[in-house]
Amino acid sequence: MTPWFKVLVGVLFFVLGLGYLYRPDLIERMNAFLRETLFNDAYLALERRKWGVFFLLLSLLFLYLGYSALYGGS
């Protein structure tokens, strides 16, 4: 994967994590669109904080990997 792709994926997951934590109404609209393929309503309502934290941690991982690849680590 290219460094810019890692940064882009990190930003995407960061926005998704913040959406789960602070704007669940937007996530519920997205859920209505993808209901049959990806999400379950009961699971989304019960596990929203866990998913939000998961996506924030995933975003930090991708942002770190992308940043270290762009600006050199070792």
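Data for the structure
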read-out: Solution diffusion estimate, µm²/s, Stokes-Einstein, the chain, Kirkwood Rh from C-alpha pairs, 25 °C, viscosity 0.890 mPa s; value: 188
read-out: Cα long-axis angle, helix 3-22 against the chain (0 to 90 degrees, to the nearest 10); value: 30
read-out: Those residues of the range 7-28 whose amide nitrogen sits under 11 Å from the label point placed on R48, 7 Å along Cα→Cβ; value: 19-28
read-out: Accessible area (Å², per residue) of the chain, counting only protein heavy atoms and a probe of 1.4 Å; value: 76
read-out: Cβ charges +1 (Lys, Arg) and -1 (Asp, Glu), total dipole of the chain, debye; value: 140
read-out: Degrees separating the helix 48-71 axis from the principal Cα axis of the chain, which is the longest one; value: 20
read-out: C-alpha long axis of helix 24-34 to longest principal axis of the chain, angle in °; value: 80
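The values are calculated or read from the model by the stated rules, or taken from the named source; none is laboratory data. Not measured: the values here are computed from a predicted model. Note that each Cβ is placed from the backbone with ideal geometry, even for glycine, and that neighbours are counted across all protein chains shown. When the accessible area is computed, the model is the full protein with side chains, heavy atoms only, and any ligands, DNA or RNA have been set aside. Shrake-Rupley method; radii C 1.70, N 1.55, O 1.52, S 1.80 Å.
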